[in-house]
Amino acid sequence: ANDWLAGRARYRNFALAISGLLLLLVGIFLLGMRMQHGSLLQIEVINMRLARELAERTRAQKELQLADAVVRNTEEGVMVLSQDLNIESVNPAFERITGYSLSEALGKAPPMLRDTALQTKGLVDSIRNSLQSGGKWEGMLPAQRRDGTPYPQDTMVNAVRSEDGAIEHYAVVF
């Protein structure tokens, strides 16, 4: 009888050990599932963020393409000037109106600001002061085409500011 009780106790201990191991394995499995589910949720959140960012970048790119098409196709001349008033970009209408190509104009002062009479009158300084204080200037400038033909140029200049308010460029429309 003692052997039978001892065998039964060993069997019970073995069954308890097996049950404990099974519970441990189930716990590890459930923990793994929970971690995997959490990881899947994190991956899903990251994917949603990436999809939103991609959609935003696509929208921004389309807006830039539209703005570029508008500037390229407008009849008014458009120049983008650096902080020191040198040409960084022009549209096709600039080339048509002034006779200067982009390669001839790039890095140089706009044709209407090269006139020494403007410099001596202090008009360039006046324009610069208006841009610094109010961010824009509008007026008539005497201009000259590449072939020497003079023409009056109704001009608007706007300061293009960075997010912190510093002037980065000037947009000129004439």
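The values are calculated or read from the model by the stated rules, or taken from the named source; none is laboratory data. The structure displayed is predicted, hence computed values, not measured ones. Heads up, the Cβs are rebuilt from the backbone with ideal geometry, glycines too, and the neighbour counts pull from every protein chain shown. Each accessible area value is taken on the protein alone, full model and side chains, heavy atoms only, with ligands, DNA and RNA left out. Shrake-Rupley method; radii C 1.70, N 1.55, O 1.52, S 1.80 Å.
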- request: Consider only pairs whose beta carbons are under 8 Å apart and that are at least six residues apart or on different chains; among these, list those whose first residue lies in region 65-78 and is of a type in the set (S, T, N, Q) and whose second residue is modelled with pLDDT of 95 or more and assigned to a loop (DSSP other than H, G, I, E, B).
  value: Thr74/Asn91
- line: With the first residue restricted to region 130-146 and required to be more than 14 Å from Glu168 (Cα to Cα), and the second required to be in a loop (DSSP other than H, G, I, E, B) and among the aromatic types (Phe, Trp, Tyr), Cβ contacts under 7 Å at 6 or more apart or on different chains are Arg146/Tyr100
query: Among the listed residues Val80, Val71, which satisfies the condition of being assigned to a strand (DSSP E or B) and open to solvent by 40 Å² or more (accessible area, probe 1.4 Å)?
result: Val80
field: Neighbours by Cβ (under 7 Å, 6+ apart or cross-chain): first from region 88-100, surrounded by 22 or more Cβ atoms within 10 Å (Cβ to Cβ); second part of a loop (DSSP other than H, G, I, E, B)
entry: Asn91/Thr74; Asn91/Gly77; Phe94/Gly77; Thr98/Gly77; Thr98/Arg145; Thr98/Arg146
